[in-house]
1. Check whether at least one residue in the range 39-49 is free of Cβ contacts under 8 Å to residues at least 24 places away in the same chain, out of contact with any strand residue (DSSP E or B) (no Cβ under 9 Å at 6 or more places or on another chain) and assigned to a helix (DSSP H, G or I), and report yes or no.
2. Considering only residues of the range 88-113 that are of a type in the set (Lys, Arg) and more than 15 Å from SER66 (Cα to Cα), which is modelled with the highest pLDDT?
3. Can you run down the residue pairs with Cβ atoms below 8 Å, 6 or more apart or on separate chains, where the first is in the range 1-13 and closer than 15 Å to PHE84 by Cα and the partner is in a helix (DSSP H, G or I)?
4. Out of the residues in the range 28-47 that are at pLDDT below 90 and touching a helix residue (DSSP H, G or I) at 6+ places or on another chain (Cβ under 8 Å), state the one that is farthest from ALA88 (Cα to Cα).
5. Hey, does the range 74-82 have a residue that's open to solvent by 70 Å² or more (accessible area, probe 1.4 Å), outside any helix (DSSP H, G or I) and in contact (Cβ under 8 Å) with a residue 24 or more places away in the chain?
6. Here are ILE68, ILE13: which of them is at negative phi and open to solvent by less than 40 Å² (accessible area, probe 1.4 Å)?
7. If the requirement is being of a type in the set (Gly, Ala, Ser), more than 16 Å from LEU97 (Cα to Cα), more than 14 Å from the chain's Cα centre (by Cα) and open to solvent by less than 40 Å² (accessible area, probe 1.4 Å), which of these qualifies: GLY36, GLY20?
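The values are calculated or read from the model by the stated rules, or taken from the named source; none is laboratory data. Just so you know, these numbers come straight off a predicted model, no measurement behind them. Every residue, glycine among them, receives a Cβ derived from its backbone with ideal geometry; neighbour counts consider all protein chains shown. In case anyone asks, the SASA skips ligands and DNA or RNA and just uses the protein heavy atoms, side chains included. Shrake-Rupley method; radii C 1.70, N 1.55, O 1.52, S 1.80 Å.
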Amino acid sequence: MLARFLRLDRPEIELVVARGRRFGNRDLGLRVLKVGHSPSRFAIVVPAKEMKQSVDRHLIKRRIRSVIRSLAPRILLGFHIVVFCGSATVNWSFAELKKSFVDLLKDFIKKES
């Protein structure tokens, strides 16, 4: 579980989905909304329609949380980020998932600058 100060609440997730910028592909995507100078906060969405097995959904969530924990100090301040995972991510190794997530963040940072 991510620390409370790193997690988004449901109303915040809905706001990010409605107004945030979209980055990624159909397997892994981000919605990002700039909110100020507070620490960046995250939510992870793995739809049950795409991944039927709860074991697989939880595996992906654990892996994404681990990546976020390791990168949180280096991620820019002031963003709400929702991570969307598709069904193909269950077949990815942890290293592939981390690389793809880091590449999406780099793409986002490049477009923000």
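1. no
2. So, considering only residues that are of a type in the set (Lys, Arg) and more than 15 Å from SER66 (Cα to Cα), the one modelled with the highest pLDDT is LYS106.
3. Once the first residue is closer than 15 Å to PHE84 by Cα and sits in the range 1-13, its partners that are in a helix (DSSP H, G or I) give LEU8/VAL16.
4. PRO39
5. Here is the first cut: in the range 74-82, the residues open to solvent by 70 Å² or more (accessible area, probe 1.4 Å) are 74, 76-77.
Those still in the list that are outside any helix (DSSP H, G or I) too: 76-77.
Filter once more, so that each one left must be in contact (Cβ under 8 Å) with a residue 24 or more places away in the chain: 76-77.
Taking every residue of the range 74-82 in turn, at least one turns out to be open to solvent by 70 Å² or more (accessible area, probe 1.4 Å), outside any helix (DSSP H, G or I) and in contact (Cβ under 8 Å) with a residue 24 or more places away in the chain.
6. ILE68
7. Exactly one of GLY36, GLY20 is of a type in the set (Gly, Ala, Ser), more than 16 Å from LEU97 (Cα to Cα), more than 14 Å from the chain's Cα centre (by Cα) and open to solvent by less than 40 Å² (accessible area, probe 1.4 Å), namely GLY36.
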